[in-house]
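Below is one structure; the comments refer to it alone.
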Amino acid sequence: MENRRAGHLNRRTARPGIVGWLLFGLFIFSSCNTPQPPDPAELALQTVTAEYLAAEATAAALPPEPTPTEVPLKSEMTFVTSQVGETLLGRLRDIFNGPDFPLHLHESGELSGTALPSDAEIVFFAIEPLNLADLAAANPETSFVLLGKPSVSAANIYSIRYDPRFETFLAGYAVALAARDWRGGALLPADDPLLGDSSAEIFRNGMRYFCGPCKAIAAPYTVYPLTLSLPRASSSADWIARLNELSSGPIQTVFVSEAAMSPELLDAASGLGYSVLTIGEKPENWDGNWIGGIQINLDKTLTVALGEIAAGHAPNVIYPPFDIITGNQGGTFFEGKKNLMMTLYENMAAGMILTTDPVPQAGYAK
């Protein structure tokens, strides 16, 4: 009995202790979960980090800035204008002053002996000087460029094989290839600024280089070509008034030079049944019987070749491209005829065939 009372008293005295410990635990737990104000320094660090990451992502999404490239300085070229005809001089100046020309141009009327301007890296001649060999030997670091075939050769002499007579000669050859029974003719200037009064002779030599006497095998037994020459200042009416003279042959194919070209003349030629050959592309706003065109592209050749010479990787002999454009008679200039014309052009550029005397010369070699 006494023991039970004692146990009962112990349980009573123990309850306040347990309750106290529970209250103390709740106090500690609640104090640990009480929200604390954020640390300003940590908050600032988090903000800066977020802004940096956002800026980095934005920069990665932007296209890269272009790498600056160094603009190369243009090489210096001296153009010697002495004895160059006015028409050719004007054409060369137009090319050399064009926006795509890769060199910086100086002009010199004449050179004194073998002395050159101090900044001359390239010297261009349209006409070969008598002392070209001496110039090349005295200035081995300078490139000398000649329009045409030089009489001498050296490692620093470059030849651009162009002659203004080539196109007229090739036009005659093309008419011989295209005309039936050799019945071809030409309308040519009597006073060409580059060829003078020799246009008709050069055209005739080109045609006869292919067909010899070019005498028709059927009546009328005309010897071809027939040519008509008028001053460059002549009007289209002047050319048309003389056009019927070619019908006496008669002719079937006619070469119309740039001096004679006009829409009115082309219409008149079509009305007479002539097939027309031109220089370059088909004339605009004309739908007549155009067999095609031929062209030697001097402008592009000089721009590209002189840039390559300045860069140091051009051959010493450069041939301007010869373009043969087929017109609305697809069979007129098929591949076999084009090959014949290309071979002729290459031999002319090599100096093996002269436009004024088309028999191959024994002393000429490629």
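The set of residues in the range 246-300 that are among the charged types (D, E, K, R) and part of a loop (DSSP other than H, G, I, E, B) comprises 258, 281, 282, 284, 287.
Within the range 172-191, identify whether any single residue is among the aromatic types (Phe, Trp, Tyr) and in the same structural domain as residue 291 (by TED's automatic domain parsing), and answer yes or no. Yes, there is a match, as at least one residue in the range 172-191 is among the aromatic types (Phe, Trp, Tyr) and in the same structural domain as residue 291 (by TED's automatic domain parsing). When you check residue 324 against the structure, is it more than 30 Å from residue 121 (Cβ to Cβ), touching a Gly at 6+ places or on another chain (Cβ under 8 Å) and either assigned to a loop (DSSP other than H, G, I, E, B) or of a type outside the set (Phe, Trp, Tyr) (or both), yes or no? Against the criterion (more than 30 Å from residue 121 (Cβ to Cβ), touching a Gly at 6+ places or on another chain (Cβ under 8 Å) and either assigned to a loop (DSSP other than H, G, I, E, B) or of a type outside the set (Phe, Trp, Tyr) (or both)), residue 324 qualifies. Answer yes if at least one residue in the range 237-249 is within 38 Å of the chain's Cα centre (by Cα) and of a type in the set (Val, Ile, Thr), and no otherwise. Within the range 237-249, one or more residues are within 38 Å of the chain's Cα centre (by Cα) and of a type in the set (Val, Ile, Thr).
All conditions in (1) under 21 Å from residue 214 (Cβ atoms); (2) more than 19 Å from the chain's Cα centre (by Cα) hold for residue 294, with the sole exception of (2). In the range 142-214, counting only strands (runs of 3 or more DSSP E) that sit wholly within it, the ones holding 1 or more residues that are over 22 Å from residue 299 (Cα atoms) span 184-189. For residue 251, the criteria (1) crowded, with 19+ Cβ neighbours inside 10 Å; (2) closer than 25 Å to residue 345 by Cα hold in every case but one, which is (2). In the range 222-242, the residue that is surrounded by the most Cβ atoms within 10 Å (Cβ to Cβ) out of those that are in contact (Cβ under 8 Å) with a residue 40 or more places away in the chain and either farther than 20 Å from residue 253 by Cα or among the aromatic types (Phe, Trp, Tyr) (or both) is 224. Scanning the range 196-210 for residues that are more than 15 Å from residue 357 (Cα to Cα) and at pLDDT 90 or above gives a single hit, 197.
The values are calculated or read from the model by the stated rules, or taken from the named source; none is laboratory data. This structure is a prediction, so every number in the text was calculated from the model and none was measured. Glycine also receives a Cβ, built like all others from the backbone with ideal geometry; neighbour counts cover every protein chain displayed.
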